[in-house]
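The values are calculated or read from the model by the stated rules, or taken from the named source; none is laboratory data. Fair warning: this is a prediction, and the values are worked out from it, not measured in the lab. With ideal geometry, Cβ positions are generated from the backbone for all residues, glycine too; neighbour counts draw on all protein chains shown. Ligands, DNA and RNA are stripped out before the accessible areas are found, and what is left, the full protein with its side chains, is counted by its heavy atoms. Shrake-Rupley method; radii C 1.70, N 1.55, O 1.52, S 1.80 Å.
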Amino acid sequence: MTTLDDILERMEALEKELTQELAKELERKEEKFLYTIREKRVRFSDEVKKRHRKLAATWSEYAYESGTMRMLTIPVIYFALLPAIFMDAVVSLYQLICFPVYGIPMVKRGPYIVMDRHQLQYLNLIEKLGCAYCSYFNGLIAFVREVAARTEQYWCPIRHARKLTAPHSRYRYFFSYGDAEGYRNGLAEVRKRFDDIRKREKANGKGTNAAGS
């Protein structure tokens with residue numbers, strides 16, 4: 001095992017630890033801010049919702065606090081929505097057609113694109129739209145990156161000679177740059193190396209069933 005492999009393994013372990021800690025933090029926040037999550041929907045008590053509505057800024061207040069120049073940039077931000085939707089459709093269709101052929105597990109959109117901020121009553125309509133847009137766009141980028149990562153593992157699992165700012169989730173399984181023998185002898189095996197994903201999905205499925213029973 002190389003130093004890079006060791007670092008990537010530790011990163012994966014830290015990501016799992018972070019996920020577990022975030023889950024615990026969510027439970028603590030549910031108690032603190034008096035909400036519950038049922039059937040993927042956040043529910044506040046009537047008293048809390050009433051207090052939240054009083055804290056919502058009016059459109060005029062929001063525009064004044066944001067400033068004219070920042071408000072004028074909003075159309076530019078939303079202009080990216082059309083190509084984002086197109087990319088979403090193309091990537092979803094791509095994996096639907098190709099991943100079964102390659103034997104790659106499908107990437108589920110749900111865990112990446114989470115839409116729940118619009119349920120907050122202390123946000124006005126503009127803020128809710130903005131939060132929904134950010135949730136969709138950032139979730140979409142994460143979803144597309146995972147699809148691309150699994151695709152790269154199948155078609156070109158070779159690490160770069162130069163350093164990457166943020167290696168994706170499948171990079172640890174790639175061959176070292178310049179390892180010609182390893183690539184030729186091990187490519188077929190690496191193309192099938194998705195057992196970790198299947199085990200994780202199976203474990204998550206059991207956890208969901210146990211929680212729902």
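Mind checking whether some residue in the range 87-94 is among the polar types (S, T, N, Q), in contact with a Phe, Trp or Tyr (Cβ under 9 Å, 6 or more places away or on another chain) and free of Cβ contacts under 8 Å to residues at least 24 places away in the same chain? So far as the range 87-94 goes, yes, one or more of its residues are among the polar types (S, T, N, Q), in contact with a Phe, Trp or Tyr (Cβ under 9 Å, 6 or more places away or on another chain) and free of Cβ contacts under 8 Å to residues at least 24 places away in the same chain. Under the condition of being more than 16 Å from Arg193 (Cα to Cα) and either without any contact (Cβ under 8 Å) to a residue 12 or more places away in the chain or touching a Leu at 6+ places or on another chain (Cβ under 9 Å) (or both), which residue from the range 160-175 is surrounded by the fewest Cβ atoms within 10 Å (Cβ to Cβ)? For the range 160-175, the residue satisfying everything is Thr165. On inspection, Phe194 passes the criterion of being farther than 29 Å from Leu81 by Cβ, touching a residue at least 12 places away in the same chain (Cβ under 8 Å) and under 22 Å from the mean Cα position of the chain (by Cα). Taken over the range 49-86, the criterion of being modelled with pLDDT under 85, touching a Leu at 6+ places or on another chain (Cβ under 8 Å) and either on the phi > 0 side of the Ramachandran plot or open to solvent by less than 50 Å² (accessible area, probe 1.4 Å) (or both) is satisfied by His52, Ala56. Ala132 passes every criterion in (1) under 19 Å from Asp6 (Cβ atoms); (2) aliphatic (A, V, I, L, M); (3) open to solvent by less than 60 Å² (accessible area, probe 1.4 Å) apart from (1). With respect to being charged (D, E, K, R), more than 30 Å from Phe174 (Cα to Cα) and assigned to a helix (DSSP H, G or I), Arg70 fits the description.
For the range 125-151, filtering for residues that are of a type in the set (D, E, K, R) and more than 16 Å from Pro111 (Cβ to Cβ) leaves 2. The set of residues from the range 135-159 being open to solvent by 50 Å² or more (accessible area, probe 1.4 Å), touching a residue at least 12 places away in the same chain (Cβ under 8 Å) and over 17 Å from the mean Cα position of the chain (by Cα) comprises Glu152, Ile158.
For the range 106-114, does any single residue satisfy the condition of being over 30 Å from Arg191 (Cβ atoms) and within 18 Å of the chain's Cα centre (by Cα)?
Restricting attention to the range 106-114, the residues satisfying the condition of being over 30 Å from Arg191 (Cβ atoms) are 114.
If we keep only those that are within 18 Å of the chain's Cα centre (by Cα) too, we end up with 114.
Yes - at least one qualifying residue is present in the range 106-114.
I want to confirm something. Restricting to the range 115-126 and keeping residues that are open to solvent by less than 50 Å² (accessible area, probe 1.4 Å) and within 18 Å of Val48 (Cβ to Cβ), which single residue is farthest from the chain's Cα centre (by Cα)? Looking at residues that are open to solvent by less than 50 Å² (accessible area, probe 1.4 Å) and within 18 Å of Val48 (Cβ to Cβ), I get Asn124. Can you give me the number of residues within the range 87-114 that are loosely packed, with under 14 Cβ neighbours inside 10 Å and within 30 Å of Ser66 (Cα to Cα)? Residues that pass the stated criteria total 1.
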